[in-house]
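The values are calculated or read from the model by the stated rules, or taken from the named source; none is laboratory data. Worth saying up front: this structure is predicted, and the values here are computed from it rather than measured. So basically every Cβ, Gly included, is an ideal-geometry build from the backbone, and we count neighbours across all protein chains shown.
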Amino acid sequence: MNLPKLILASKSPRRQELLKLMDIEFRIVLKEVDETYPDNLTPEEIALYIAEKKARAFDESVTDEIVLTADTIVCIDNRILGKPDDEAHAVEMLKLLSGRMHQVITGVCLLYKHQYHSFYDVSEVYFGELTDDEIRSYVRQYQPFDKAGSYGIQERIGLIGIERINGSYTNVVGLPTEKLYRELMKL
């Protein structure tokens, strides 16, 4: 791929790995951004709003590189599950997801030459019934405190608990690579 240099504005090892697997060269630059959002937004709008907010932090300082920002949220019953506060909160979230379908929504923003190119993807994830033991063991061992919804699909809980997905697997990991590739080609 013959792209301008790319900045990944994310500390997510999962996003970094996905870009490497796509053979995209990038460097990581992080900026602190307040991730609050207005109460009246839909889940899709929230993911886009935060991704664009992260990109705005770079608007004045970057022109010849593409800045890639993203935000992934988990939504069940119109309730947003962010990153858990602690072990008890993580257990509570996973119990809520157990035996049910939820949505994983990733908003992505590509900032290039002061232009914002934003898109999102939605995947439906179906968890089978998880026992309290499976949930507690996963939270203790994997400490999913940096993950929306308290889980990583590529980790043990995803391997034993997820029955099916409607949509993009990589979106659930944290970056919808199929859509990202198409959007990068447009630039």
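All conditions in (1) in contact with a helix residue (DSSP H, G or I) (Cβ under 9 Å, 6 or more places away or on another chain); (2) without any contact (Cβ under 8 Å) to a residue 24 or more places away in the chain hold for residue 45, with the sole exception of (1).
Of the listed requirements (1) farther than 22 Å from residue 35 by Cα; (2) in contact with a Pro (Cβ under 6 Å, 6 or more places away or on another chain), residue 127 misses just one: (2). If you go through segment 17-32 and pick out every residue that is acidic (Asp, Glu), in a loop (DSSP other than H, G, I, E, B) and on the phi < 0 side of the Ramachandran plot, you end up with 2. Screening residue 183 against (1) surrounded by 20 or more Cβ atoms within 10 Å (Cβ to Cβ); (2) assigned to a helix (DSSP H, G or I); (3) among the charged types (D, E, K, R) leaves a single unmet condition, (1). What are the pairs, 6+ residues apart or on separate chains, where a residue within segment 1-26 that is more than 15 Å from residue 179 (Cβ to Cβ) and free of Cβ contacts under 8 Å to residues at least 40 places away in the same chain has its Cβ under 8 Å from a residue that is among the aromatic types (Phe, Trp, Tyr) and exposed (fewer than 14 other Cβ atoms within 10 Å of the Cβ)? Final answer for the pair search is none.
Within the set 60, 35, 52, the sole residue that is acidic (Asp, Glu), assigned to a loop (DSSP other than H, G, I, E, B) and within 14 Å of the chain's Cα centre (by Cα) turns out to be 35.
Is it the case that segment 54-71 has a residue that's surrounded by 23 or more Cβ atoms within 10 Å (Cβ to Cβ) and under 21 Å from residue 143 (Cα atoms)? Yes: one or more hits. Within segment 1-22, if we keep just the residues that are modelled with pLDDT of 95 or more and charged (D, E, K, R), the residue that is farthest from the chain's Cα centre (by Cα) turns out to be 20. Quick check, is residue 86 surrounded by fewer than 18 Cβ atoms within 10 Å (Cβ to Cβ) and free of Cβ contacts under 8 Å to residues at least 40 places away in the same chain? No.
With respect to the stated conditions, residue 44 fails to be modelled with pLDDT under 95 and either among the acidic types (Asp, Glu) or surrounded by fewer than 17 Cβ atoms within 10 Å (Cβ to Cβ) (or both).
Counting only residues that are aliphatic (A, V, I, L, M) and either touching an Asp or Glu at 6+ places or on another chain (Cβ under 9 Å) or part of a loop (DSSP other than H, G, I, E, B) (or both), segment 74-93 holds 1 of them. Counting only residues that are in contact (Cβ under 8 Å) with a residue 60 or more places away in the chain and surrounded by 18 or more Cβ atoms within 10 Å (Cβ to Cβ), segment 99-158 holds 17 of them.
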